[in-house]
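Quick notes on the structure that follows.
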Amino acid sequence: MSSRVLTSDVMGIDTFRQDPVGALASTESGTLAVFENNGPAFYAITAERLAALLACEEKASQALTDVTLDNTLFGQDAAAPAMTPAPFGKFAMYPGWQPDADFLRMAALWGIALTQPVTPEELASFIAYWQAEGKFFHHVQWQQKLARSIQINRAANGGKPRHDMNDISAVDYSATLPGFRRTK
């Protein structure tokens, strides 16, 4: 079985056990691969390297989306949406996931013109489907999938969000055929 070694500093486990502090102090990058039976058993890092990695992770987790479109495409009264943190890297769909505040504008950039915002029912249906699938995608890819899903579902429903089947609809009296009575 092959394995990838993620540092150039390597040491056997027996040597490491004799002087772990000295072994870490002798590394160039503050990271040490400790081998047992010709394969990496674990990695050891210095406190400084750990602090640097945690700072890097913190910075990466606060990445903000910086994609914007020209306001002239959407009218002069369109307010600039607030920047929201986007999850970093690929992730599986989870129950509290939300598209960006700028979702409709981004969908237009991707060639999907949505005239109405995403309804809670559409979002819940999308999340439930993809949560069960267990696939991993980037935040922008999830938004693109949501936009396409909404476009397809609304096209099948005349461009409108699907109505709740439990809602009582009003009677349309304008469609009464000649010769039939209207009752109100």
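So residue 120 fits all but one of (1) within 15 Å of the chain's Cα centre (by Cα); (2) over 21 Å from residue 60 (Cβ atoms); (3) modelled with pLDDT of 90 or more; what number is the exception?
Condition (1) is where residue 120 drops out.
State which residue is surrounded by the fewest Cβ atoms within 10 Å (Cβ to Cβ) when the search covers only the range 14-33 and only residues that are within 22 Å of residue 4 (Cβ to Cβ) and either under 33 Å from the mean Cα position of the chain (by Cα) or in contact (Cβ under 8 Å) with a residue 24 or more places away in the chain (or both).
The extreme case among them is 29.
If residue 60 passes every condition in (1) farther than 19 Å from residue 140 by Cα; (2) modelled with pLDDT under 75; (3) not in a loop (DSSP other than H, G, I, E, B) but one, which one does it miss?
Going through (1) farther than 19 Å from residue 140 by Cα; (2) modelled with pLDDT under 75; (3) not in a loop (DSSP other than H, G, I, E, B) one by one, residue 60 breaks only (1).
Please go through the range 134-149 and pick out each residue that is free of Cβ contacts under 8 Å to residues at least 40 places away in the same chain and either open to solvent by less than 40 Å² (accessible area, probe 1.4 Å) or under 13 Å from residue 88 (Cβ atoms) (or both).
Correct list: 149 only.
The values are calculated or read from the model by the stated rules, or taken from the named source; none is laboratory data. The structure presented is a predicted model; accordingly, all values stated were derived computationally and were not measured. Virtual Cβ from ideal backbone geometry, glycine too; neighbours counted across all protein chains shown. SASA here: full protein model, heavy atoms, side chains in, ligands and nucleic acids out. Shrake-Rupley method; radii C 1.70, N 1.55, O 1.52, S 1.80 Å.
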